[in-house]
Amino acid sequence: MTGSAARHPHPVDAHGDPLTLALSGLLAEAPGAVREYAIDGVVVDGGEDLVIAEPVTGRIRMSRTNRGLVLDARFTTALAGECARCLRPLVTRVAVHLDEEILPTIDLASGQPVPPEEDADPEAPRLTDHHELELRPLVLEAISLAEPIAPLCEPDCPGLCPECGERREAGHADHDVPIDPRLEALLAFRVDEDGDSG
């Protein structure tokens, strides 16, 4: 199907991973051919450093070019963490966008390896020897980059009280903070109405 989109709601490779797309069929088509896939509720493990609280949902669009494929994918999920000010647990929604050129590793017609171009990025994503695109590491990296540096439970979170460690919210009592003995002499310092000190 050249120049139009073929919809594949559940792309599954031979291993059953919905984030690995078997693309030999698209590679056999002429430049301009497009395939679209729906991703719904796919669990992605972020390891110890990234707690992904919700399955990944989104859509994938693969376009055939004269060199290989172009990936255009958009996903949403949520990350579990804690507020940077008050340390309360929170869940942050994130949206990620992947826009990559994907080049083949094996020529579909000849079965021979396709050498990378001299100026090509050695870490650029490529298809596997079986003409599959393994999206899982790309999705995980994109989610990691989308993680907020200092998430807040609310925009004006008051943070924690430095004295008692409780969250400073409505009804929180102020504490009498002891004065540094080196500054006690300043208590006797007064300024009169004329601005003279004494």
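The values are calculated or read from the model by the stated rules, or taken from the named source; none is laboratory data. As the structure is a prediction and not an experimental result, all values here were calculated from the model. All Cβ positions, even for glycine, are placed from backbone atoms using ideal geometry, and neighbour counts span all protein chains on display. What goes into the accessible areas is simple: the full protein's heavy atoms, side chains included, and nothing from ligands, DNA or RNA. Shrake-Rupley method; radii C 1.70, N 1.55, O 1.52, S 1.80 Å.
The table below gives the values:
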read-out: Selection count where residues are under 19 Å from residue 100 (Cβ atoms), free of Cβ contacts under 8 Å to residues at least 40 places away in the same chain, open to solvent by 30 Å² or more (accessible area, probe 1.4 Å) and outside any loop (DSSP other than H, G, I, E, B), scope segment 21-35; value: 1
read-out: Failed criterion for residue 158 (all others in (1) closer than 30 Å to residue 49 by Cβ; (2) open to solvent by 100 Å² or more (accessible area, probe 1.4 Å); (3) modelled with pLDDT under 90 hold); value: (2)
read-out: Residues (open to solvent by 100 Å² or more (accessible area, probe 1.4 Å) and either in contact (Cβ under 8 Å) with a residue 40 or more places away in the chain or of a type in the set (Asp, Glu) (or both)) located in segment 111-128; value: 118, 119, 123
read-out: Residue selected from segment 54-69 under the condition within 20 Å of the chain's Cα centre (by Cα) and open to solvent by 50 Å² or more (accessible area, probe 1.4 Å), by the criterion farthest from residue 150 (Cα to Cα); value: 61
read-out: Residue list for segment 76-101, filter: touching a residue at least 60 places away in the same chain (Cβ under 8 Å) and hydrophobic (A, V, I, L, M, F, W, C); value: 79, 83, 84, 86, 87, 90
read-out: Members of segment 155-164 found to be touching a residue at least 60 places away in the same chain (Cβ under 8 Å) and part of a loop (DSSP other than H, G, I, E, B), listed by number; value: 157, 158, 159
